[in-house]
Ligand SMILES: [Zn+2]
């Protein structure tokens, strides 16, 4: 590589690391896996795969894991559906909500064609987990930078010993619109919690974290039932 090319390469990497700050990961692997297991997903062990792929797919995958919502944002079902066409597209704002819709569409399509398709469902399991991480739903502010990693790992060392702390709430999904409405509902709770934590300038408590991941597990359980009809 010529020197000018390598300088360009470094500049691109620096630019990308500003747009997609590498601190913004996700609930840690154990938590994604525990959410999927609590939901009754038979392939729960694949729930961290969407983070694993970031190592190689980089910016293609990165924006599927968050949405940088400014304070006061209210998410609705239409916004969730609109984001679906941005799936796997690098962008600064992120489109986590649309990624849930799009990965399930991919699963439905493969299933109709008689293909395996399960890996699409595994992506969906992961994105539904990220949906309840409040700091994946607010601007990547100095508060978010400071507390992100700690929040991601908050339950990491205890989650496998306490699966009973994940509570399943009844959710019924019969259509993509139902799904978009449920995604929007949980997104709004995550945004509210994220900005509350930022205002109080504190790490969330373990109890708050269990409350959050219970929402993800409940939604993914409903998605599993819904996807049986694909
Ligand atoms: Zn993630």
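The values are calculated or read from the model by the stated rules, or taken from the named source; none is laboratory data. Since we're looking at a predicted model, the values are computed, not measured. Ideal geometry is used to build each Cβ from the backbone, glycine not excepted, and the neighbour counts take in all protein chains shown.
Determine which member of the set 38, 57, 48 is closer than 19 Å to residue 212 by Cα and within 16 Å of the ligand (Cβ to nearest atom). Spell out how you get there, then give the answer.
Working: 38 fails: within 16 Å of the ligand (Cβ to nearest atom); 57 fails: closer than 19 Å to residue 212 by Cα.
On inspection, the qualifying residue turns out to be 48.
Do you know which residues across region 25-35 are part of a loop (DSSP other than H, G, I, E, B) and more than 9 Å from the ligand (Cβ to nearest atom)? Step through it out loud before you land on a result.
Going through region 25-35, the residues part of a loop (DSSP other than H, G, I, E, B) turn out to be 25-28.
Correct list: 28 only.
Out of all the residues in region 26-47, which are without any contact (Cβ under 8 Å) to a residue 60 or more places away in the chain and under 11 Å from residue 163 (Cβ atoms)? Outline the logic, then answer.
First, the residues of region 26-47 that are without any contact (Cβ under 8 Å) to a residue 60 or more places away in the chain: 29, 33, 42, 45.
The one that is without any contact (Cβ under 8 Å) to a residue 60 or more places away in the chain and under 11 Å from residue 163 (Cβ atoms): 33.
Give just the number: which of (1) within 15 Å of the chain's Cα centre (by Cα); (2) at pLDDT below 75 does residue 84 not satisfy?
(2)
One line per residue, one yes/no per condition, for (1) free of Cβ contacts under 8 Å to residues at least 60 places away in the same chain; (2) touching a strand residue (DSSP E or B) at 6+ places or on another chain (Cβ under 6 Å); (3) closer than 22 Å to residue 32 by Cα; (4) more than 12 Å from the ligand (Cβ to nearest atom):
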position	(1), (2), (3), (4)
68	no, no, yes, yes
87	yes, no, yes, yes
110	yes, no, no, yes
127	no, no, yes, no
133	no, no, yes, no
136	no, no, yes, no
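Checking the structure you have, find out if any residue of region 164-177 is part of a helix (DSSP H, G or I), within 15 Å of the ligand (Cβ to nearest atom), touching a residue at least 24 places away in the same chain (Cβ under 8 Å) and closer than 25 Å to residue 75 by Cα. Steps first, answer last, please.
Keep residues of region 164-177 that are part of a helix (DSSP H, G or I), which gives 164-165, 176-177.
Those left that are additionally within 15 Å of the ligand (Cβ to nearest atom): none.
The answer is no, given that none of the residues of region 164-177 is part of a helix (DSSP H, G or I), within 15 Å of the ligand (Cβ to nearest atom), touching a residue at least 24 places away in the same chain (Cβ under 8 Å) and closer than 25 Å to residue 75 by Cα.
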